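The values are calculated or read from the model by the stated rules, or taken from the named source; none is laboratory data. Remember, predicted model here, so these are calculated numbers, not experimental data. Neighbour counts run over all protein chains shown; Cβ positions are idealised from the backbone, glycine included. Heads up: the accessible areas ignore ligands, DNA and RNA and are worked out on the full protein's heavy atoms, side chains in. Shrake-Rupley method; radii C 1.70, N 1.55, O 1.52, S 1.80 Å.
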Amino acid sequence: MHSLNWTSRLISRALRSSFSTLLDSASGATTKGAAKTTPIRSRPRFVSVVCGFAKDNLRHKYKPGKYGEDSWFKASTESADVMGVADGVGGWRSYGIDPGEFSSFLMRTCERLVRCTHFNPQRPVNLLAYSYCELMEQKKPILGSSTACVLILNRETSTVHTANIGDSGFMVVREGEIVHKSEEQQHYFNTPFQLSLPPPGHGPNVLSDSPESADTMSFPVQEGDVILIATDGVFDNVPEELMLQVLRDVEGERDPVKLQMTANTLALMARTLSQNSDFLSPFAISARRNNIQARGGKPDDITVVLATVAM
């Protein structure tokens, strides 16, 4: 165990050094531009809500920021609104490891780092990197692995910056169409990219991707845009066109109650379809493309974070 701690800390220090360099260069660019005066204009913000279900409600009691082995966070500062989800890899349970601890630690740490002075609203990958570093530096190792997706609205520039590792993800709907969405990262079928800390002796046999492996995107947003960030329990069970029909109804919506009703609808739809053994789900279609005969939904934890852009 001491060997695991020592190795983890060496890796985390190397990652921290790498991302500090990126952070310093980005901060420098921001400082140089600070002297310019810009006209005062309205700044965007997120109106956001959350809903979800644990796959096994009997095993998992409700805890803030968690639905089963899924975790999520929302945070706001004067310059940014931030949302994120993470999905603990369930296979670790057979080794006596709680997969939800890894994902929960990542999201709680991201939320805390948003409020730190070194937070950079242009680099969500930094949040993942520093959270992962802190996880590996814990005296009591937090073992397991997780996918993750973090999205930042930079209110100063009306720009969204994203970082996604694995098969959680996001989509942006505008004027009834999907204008931006993440692509899932898979090593092979049903084996997503993931941040990992395996038990001693399991390292060579465990997939472990670095935060730098995350897909990153940046794009401007407009008033009324609908943004969904969710775990694979949603994307594996709800067809894209059906999801789009639901999201179209809340374009431009600022009422959090109505937005919550839509998030509830989408989460319940995902849960219902996941338990339908006759439904040809997106997961089953993907399995067939990989020569695996499958039908029905994929029972899983479900997390929906839904937001609209308001000026």
Looking across the range 245-304 at residues that are among the basic types (Lys, Arg) and at pLDDT 95 or above, the single one that is surrounded by the fewest Cβ atoms within 10 Å (Cβ to Cβ) is 289
Going through the range 225-243 in order, the residues found to be touching a strand residue (DSSP E or B) at 6+ places or on another chain (Cβ under 8 Å), open to solvent by 10 Å² or more (accessible area, probe 1.4 Å) and within 17 Å of residue 176 (Cα to Cα) are 240
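Please tell me if residue 215 is within 20 Å of residue 73 (Cα to Cα), open to solvent by 30 Å² or more (accessible area, probe 1.4 Å) and among the charged types (D, E, K, R).
Working: within 20 Å of residue 73 (Cα to Cα): yes; open to solvent by 30 Å² or more (accessible area, probe 1.4 Å): yes; among the charged types (D, E, K, R): yes.
Here the answer is yes, as residue 215 does meet what is asked.
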In the range 215-247, residues that are in contact (Cβ under 8 Å) with a residue 60 or more places away in the chain, in a helix (DSSP H, G or I) and over 28 Å from residue 129 (Cα atoms) total 4
Among (1) under 19 Å from the mean Cα position of the chain (by Cα); (2) modelled with pLDDT under 95, residue 169 falls short only on (2)
Counting only residues in the range 56-80 that are buried (at least 19 other Cβ atoms within 10 Å of the Cβ) and over 14 Å from the mean Cα position of the chain (by Cα), the one nearest to residue 123 (Cα to Cα) is identified as 80
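For the range 72-87, which residues satisfy the criterion of being touching a helix residue (DSSP H, G or I) at 6+ places or on another chain (Cβ under 9 Å) and touching a residue at least 40 places away in the same chain (Cβ under 8 Å)? Full working, then the answer.
Let us first name the residues in the range 72-87 that are touching a helix residue (DSSP H, G or I) at 6+ places or on another chain (Cβ under 9 Å), namely 72-77, 80, 82, 84-87.
Passing the criteria: 72, 74, 75, 77, 80, 82, 84, 85, 86, 87.
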